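First comes the structure, then the notes that go with it.
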Amino acid sequence: MDGRQRTNEDDFPFITNKKTVKYIHHSKVMFIMRGLPGSGKSTLASQIVAKYPNAVICSADDFFMTRGRYRYDSRQIRVAHERCQSKAADGCHSGANVVIIDNTNLRFCQMKIYVDLAAKYNYTILVINPSTWWSRDAAELSKRNIHGLTRWEIEDKLRSYEDILPLYWGWFLNENDSDMLMEMGKKYFSACMRKIPKFCQQMKKRYCGANGRSFLSYDDIYSRQNASVQTIHCTAFYKGSNQLTPDGLSYRSQQVVQKAMGRVYVLHVIGIAITPNTVGARVALNQHQMLLWGRNGDDCQELPHQNRDGRNVHPDNSLRNVTARLRTMSLTDGPYEELCKRPRFSPVSGPGSQAHLTLGWAAHCQAMQTGSDHLEVINLEARSLSNPKVIQLDGAVGRYYGDGQCVIYFDKPLDVKALFSGMYG
């Protein structure tokens with residue numbers, strides 16, 4: 001996946017891993033198949049459909065099927081792709097749990113329309129390459145493809161094959177769980193405004209100014225309006241460029257990253273940090289997740305990027321269904337519970353301490369500001385260990401550090417599931 005060839009079918013956890021399959025059934029995932037004609041991508045797509053029978057599968061080849069027989073006509077290829085794109089758009093609009101794009105997608109420009117659809121309708125993208133031994137063998141592909149392509153035509157397509165890297169890798173939450181965490185951020189912000197007078201005064205001073213407003217809500221300050229998608233994620237490695245950077249190629253080549261792609265993980269959310277600029281949920285990575293934490297993952301997160309043509313994708317802002325959003329969430333005892341129960345608040349420091357989920361940011365900021373704010377919170381915790389004064393909240397305690405910076409510490413960690421993948425743009 002992700003521009004690399006997998007070794008065998010066991011490397012596809014979305015087919016073989018029961019927890020991942022169960023999670024995807026309750027999420028929205030778009031599989032974008034990549035591969036030359038005859039490489040086995042359609043066979044792999046059929047295996048995905050077998051696991052997700054309600055999947056919407058979109059293929060330009062379907063246009064050439066007549067009464068069960070395949071009759072390819074190169075003159076109709078444009079119309080075939082338009083039909084495929086229309087079917088994908090309908091599937092995303094209807095909220096299908098799984099949408100499969102079964103085309104060659106040799107270059108990013110060919111899959112861009114599907115990337116944009118996924119962003120608009122809050123789908124997590126998985127880019128899949130077949131694992132067959134002949135997937136790059138022109139001679140074998142010329143024998144197996146149903147389009148009648150010769151070896152020389154296959155070799156020409158091989159030369160045009162574009163290696164594609166994500167802008168960043170990370171753990172992506174589904175729509176329901178994203179909305180649930182954002183609702184929690186709003187709830188704790190409102191509680192802090194009511195129960196911590198100094199915090200309330202500082203925020204009103206900053207955002208109300210001289211207009212005399214007596215009430216300041218979460219939505220008056222924070223939003224995700226410029227985000228590429230409305231679902232949230234925890235960045236593991238940020239490349240931040242459409243180029244094939246050496247560090248991006250190195251990260252992708254790691255075996256642990258290859259095996260993680262398309263697998264569900266449980267993230268431990270231990271609290272929420274609220275600043276005048278951002279609101280972010282703090283994540284405590286476990287030992288295995290730390291293996292996926294890239295060396296520059298502490299530098300920046302969730303930048304609301306532009307696409308390759310310089311335009312922002314305007315996502316669907318209708319994250320609905322507030323009820324039943326705990327479908328994949330649970331409050332459980334875990335290895336991080338003791339951190340929350342200590343009478344003194346120890347700083348969450350060291351590698352991975354900046355791991356977070358950006359819930360919202362102020363209009364004058366970018367989402368990546370959340371990472372910087374978390375570093376500041378860590379520094380404040382390190383300087384404020386003795387006799388902390390805390391405010392009791394619902395299921396948590398809050399501590400105000402001054403200058404509009406308030407940190408919520410959960411009584412128990414919140415476990416939320418997320419799919420490891422990449423963000424393309």
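Structure notes:
- Sorting 142-152, 95-105 by their mean Cβ neighbour count within 10 Å, with the most densely packed peptide first, gives 95-105, 142-152.
- Going by neighbour counts of Cβ atoms within 10 Å, the residues Phe63, Phe189 line up, fewest first, as Phe63, Phe189.
- For region 9-164, lysine pairs with C-alpha atoms less than 13 angstrom apart, excluding pairs fewer than eight positions apart on the same chain, total 5.
- Treating r as the C-beta distance of Leu158 and Ser217 and R0 as 51 Å, the FRET efficiency rounds to 0.35.
- Cβ crowding within 10 Å averaged over residues, with 370-377, 218-225, 251-258 ranked highest first: 370-377, 218-225, 251-258
- Computed from phi, the 3J(HN,Hα) profile of region 225-238 under the Karplus parametrisation 6.51, -1.76, 1.60 (θ = phi - 60°) reads 4, 9, 6, 5, 9, 8, 6, 10, 8, 10, 6, 9, 8, 10 Hz, with x in place of Gly and Pro.
- Given charges at Cβ of Lys, Arg, Asp, Glu: region 168-232 dipole, positive-most of Ser190, Met180, Met203: Met203
Taken together, the values in this text are just the output of simple stated rules run on the coordinates, not laboratory data. If you're wondering where the values come from, they're calculated on a predicted model, not measured in any experiment. Note that we place each Cβ from the backbone using ideal geometry, even for glycine, and neighbour counts take in every protein chain shown.
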